[in-house]
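Working notes, beginning with the structure itself.
The values are calculated or read from the model by the stated rules, or taken from the named source; none is laboratory data. Just so you know, these numbers come straight off a predicted model, no measurement behind them. Heads up, the Cβs are rebuilt from the backbone with ideal geometry, glycines too, and the neighbour counts pull from every protein chain shown. Just the protein is used for accessible areas: all its heavy atoms, side chains included, with ligands, DNA and RNA removed. Shrake-Rupley method; radii C 1.70, N 1.55, O 1.52, S 1.80 Å.
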Amino acid sequence: MSRNYRTQVFGDIASVGRDAWTRLVARDADANPFVHYDYLHALEASGCVGRRTGWTPQHLALWRGAELAAAVPLYVKSHSFGEYVFDWAWADAYARYGLRYYPKLVAAVPFAPVAGTRLLAADDDARAAAADALLAHARASGLSSLHVLFAPAAQIERLASLGLLVRRGVQFHWRNAGYTTFDDFLAALAQPKRKKIRAERRHVAQAGVTAERRVGAAIDAADWDFFHRCYRATYAAHGSTPYLNRDFFHRLGEAMPQHLVLAIARRGPQPIAAALGIFDDTRLYGRHWGAVEHVSCLHFECCYYQMIEFAIEQRLAVFEGGAQGAHKLARGLDPVATASAHWLAEPAMHAAVARFVARETDAVEHTLDELNEHRAWRTTEAGADTD
C-alpha cells in the first residue's frame, strides 16, 4: 500500500464527517444512495446498527493529507442476520471444530442486498490502497474472517487478486428498453405473461383497491408511520423481528427525500399496504413492503408493477427487484449474477470454504442458465401474438 495514505478506523460515521464522506461518494462512479452518508448515519442514529444489534460500526478511512481518499463501510458482526449472503454453514463448521466464527468483519450496507461500491474511493490508486488496508486490518483484528458483500466486478477482482474467495449469487432485475408506457413493456412480453400481469392488476382493481405513488417531500410523517406499521406486520407474519425501526424511516424521509418513492394501496380512503423504493439517476431499488390487509396479487402490484411504472416515467435504466424469488421471472425481471469476496483467517477453513465455493459456483451458473430459459420476453419467432 502506498505510504501516501493515513489509515483510521471509526466507531461511527459521524466521526468521519458528513462533508468528507459526501465529497468522496460524489467521486465514486459505483456509489448509490445506500452508501450515502445520510443513509448510513440514519441506520446508526436510529439504533438499527450499533447499540447491541450485532452490527458494530468500524468504518475504515484512508486520508491523503486532509482529503478523505477512500473509505469502507465496515462492521464487526456477532451473527449473520441481515446480510443476505448466507454463511450459517460456515459458522456451524467452525463450531464443530471448536473454533469461534463470531465476531467477524463485514463490509456491506446493513439489511440491503444491493450491489454497489464497498471500496469507496476518489481514484483507482486510492481504491487499491483501500483493498490492501482492508485486508491488513482484517489480519490484524484477530477476528475469524472478512466478508465484502455485493461489490462491483472490478472491486471483486481486486479482492480476489489479494487471495479472497469469490462467491456468486443470483438476483432479479428489470431493464428498461426505452419504454414510454407500461403497455409498451407489456407488449415486449410473451402473451401468457402479459395476460397474467393484466389479470393480476385487474384482480386488485376489482377488489376495490387503488394505488398511488408518493415521491420525495410528498411523503409525509403519517405515510411513514403507516409504512412502518406495514413493514412490522410483514415480519410478524413470518414470526421474525424487523431490522429497521420507525425512527430510521422518518430520518430517511427527512435526510434524503429526493431518493424515495412510496407506493401506497388503498381500499377507498383507507391505506392497506405500502412498498418502498429507493432511486438515483439510473436505478430504482425495490426495498421493503408490507400490508395490514390481505388482497390477492397486491404484493405484485405494489412491489413490481407500481415500481416498473415509476421507472418508466423517470426513464430509469434498471429496477432491482432484489434477491430470491423465481416468480419475478414471470413479471419481466431477469436473473443477474452478484458477487461477494471472503477471507478466513484459519488456513484450513479458508481451503475448505474454497472447495465449497467452487462447487457452489458451478451450481449458480447452472441455475442462471436454467432461469434464463424461462424469461418472460417474446422471442422473435413468436411473431405478433395477441391477448
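Residues that are closer than 25 Å to HIS327 by Cα and modelled with pLDDT under 95 number at least 2 in the following strands (runs of 3 or more DSSP E) confined to region 133-240: 165-175. For region 325-355, the tally of residues that are more than 24 Å from ILE264 (Cβ to Cβ) and either touching a residue at least 40 places away in the same chain (Cβ under 8 Å) or among the acidic types (Asp, Glu) (or both) stands at 21. Selection of region 264-301 for residues being small (Gly, Ala, Ser) and either in a helix (DSSP H, G or I) or open to solvent by less than 10 Å² (accessible area, probe 1.4 Å) (or both) yields ALA265, ALA273, ALA274, ALA275, GLY277, GLY290.
Of all residues in region 108-128 being under 13 Å from the mean Cα position of the chain (by Cα), open to solvent by less than 10 Å² (accessible area, probe 1.4 Å) and small (Gly, Ala, Ser), which is nearest to ALA153 (Cα to Cα)? The qualifying residue nearest to ALA153 (Cα to Cα) is GLY116. Based on what the data block shows, is ALA354 touching a Leu at 6+ places or on another chain (Cβ under 9 Å), of a type outside the set (Val, Ile, Thr) and within 17 Å of VAL166 (Cα to Cα)? Yes: the conditions hold for ALA354. Looking only at residues in region 57-80 that are under 20 Å from the mean Cα position of the chain (by Cα) and more than 23 Å from ARG6 (Cβ to Cβ), which one is surrounded by the most Cβ atoms within 10 Å (Cβ to Cβ)? Once the filter is applied, the top-ranked residue is LYS77. Taking region 302-332 as the region of interest, how many residues are open to solvent by 10 Å² or more (accessible area, probe 1.4 Å), out of contact with any Lys or Arg (no Cβ under 8 Å at 6 or more places or on another chain), assigned to a helix (DSSP H, G or I) and small (Gly, Ala, Ser)? Residues in region 302-332 being open to solvent by 10 Å² or more (accessible area, probe 1.4 Å), out of contact with any Lys or Arg (no Cβ under 8 Å at 6 or more places or on another chain), assigned to a helix (DSSP H, G or I) and small (Gly, Ala, Ser): 1 in total.
Residues of region 377-387 that are within 17 Å of ASP183 (Cα to Cα) and either among the β-branched types (Val, Ile, Thr) or modelled with pLDDT of 85 or more (or both): TRP377, THR386. Take the conditions (1) over 26 Å from the mean Cα position of the chain (by Cα); (2) modelled with pLDDT of 95 or more; (3) open to solvent by 30 Å² or more (accessible area, probe 1.4 Å); TYR243 misses just one of them, which is (1).
Which is touching a residue at least 40 places away in the same chain (Cβ under 8 Å), open to solvent by 10 Å² or more (accessible area, probe 1.4 Å), closer than 28 Å to LEU244 by Cα and under 21 Å from the mean Cα position of the chain (by Cα), of PRO152, PRO103? Criteria check complete, one pass: PRO152.
Among the conditions (1) surrounded by fewer than 21 Cβ atoms within 10 Å (Cβ to Cβ); (2) over 19 Å from the mean Cα position of the chain (by Cα), the only one that VAL353 does not satisfy is (1).
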